[in-house]
Amino acid sequence: MTDNSKATIGSEKIKVLFIDHLNRLYCAKSHLAERLPEIFDEAAFADLKQAIKETILHTEKQLLRIDQLFAIMKVQYSFEKCQPLITFLENAFEALQLHATEQEFRDLMIVTYLYHLDSVELASSKILQVAANSLHDQQIKLLINENYSEAKAENALLLLLLKKTAR
């Protein structure tokens, strides 16, 4: 096997990893886009309502970027490996609905739910960022870096909200 074939095989494996995490991120973001409007009215804390509103806007932009990435990579989104993640996210959403009867506790549960989602997003986004460097495509790197920067900012905001709602 020549060095060139090793690089090609390595690049193909990176591409598979990249697409797998891109699917995972798309799955989480799609879930978020569906569920955020449902919890917006349940939030009492004004800062939390604002964070949800901003997250809805960021999520829509991020989904558009992910759609662009799929187009660049010439692949379609696949639900094939998303079922465990969907189950995890739905369980977190159902826990929020079941256990959040008091307003202050509900706000804490909403932030907890968002933090779970954000953790998945941040992890996949970081892996995508590292893998994008191996793909040698500037447009892919740019789109991934934009999503990762937003994910880090959302994470910082959620940590702040978590501290405020837990008081």
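The values are calculated or read from the model by the stated rules, or taken from the named source; none is laboratory data. The shown structure was predicted, so the numbers you read here are calculated from the model rather than taken from an experiment. Note: ideal-geometry Cβ built from the backbone for every residue, glycine included; neighbour counts use all protein chains shown.
Quick check: anything in the range 26-44 in a helix (DSSP H, G or I), modelled with pLDDT of 90 or more and over 21 Å from M109 (Cα atoms)? Within the range 26-44, one or more residues are in a helix (DSSP H, G or I), modelled with pLDDT of 90 or more and over 21 Å from M109 (Cα atoms). Of everything in the range 129-167 that is among the small types (G, A, S) and surrounded by 13 or more Cβ atoms within 10 Å (Cβ to Cβ), the residue that is nearest to Y113 (Cα to Cα) is A151. Taking the residues in the range 76-111 that are of a type in the set (V, I, T) and surrounded by fewer than 20 Cβ atoms within 10 Å (Cβ to Cβ) as candidates, determine which candidate is farthest from the chain's Cα centre (by Cα). Taking the candidates together, the pick is T101. When A123 is tested against the conditions (1) crowded, with 18+ Cβ neighbours inside 10 Å; (2) more than 21 Å from I52 (Cβ to Cβ); (3) not charged (D, E, K, R), the lone failure is (1). Test T55 against the stated conditions and say whether it is closer than 20 Å to K164 by Cβ, surrounded by 14 or more Cβ atoms within 10 Å (Cβ to Cβ), polar (S, T, N, Q) and in contact (Cβ under 8 Å) with a residue 24 or more places away in the chain. Considered against the rule, which asks whether it is closer than 20 Å to K164 by Cβ, surrounded by 14 or more Cβ atoms within 10 Å (Cβ to Cβ), polar (S, T, N, Q) and in contact (Cβ under 8 Å) with a residue 24 or more places away in the chain, T55 comes out as yes. Pairs are defined by a Cβ separation below 8 Å, a sequence spacing of at least 6 or placement on different chains, a first member in the range 24-35 that is without any contact (Cβ under 8 Å) to a residue 60 or more places away in the chain and of a type outside the set (A, V, I, L, M, F, W, C), and a second member that is surrounded by fewer than 22 Cβ atoms within 10 Å (Cβ to Cβ) and outside any helix (DSSP H, G or I); the pairs so defined are Y26/Y77.
Condition test on K53, is it assigned to a helix (DSSP H, G or I), over 13 Å from the mean Cα position of the chain (by Cα) and modelled with pLDDT of 90 or more?
yes
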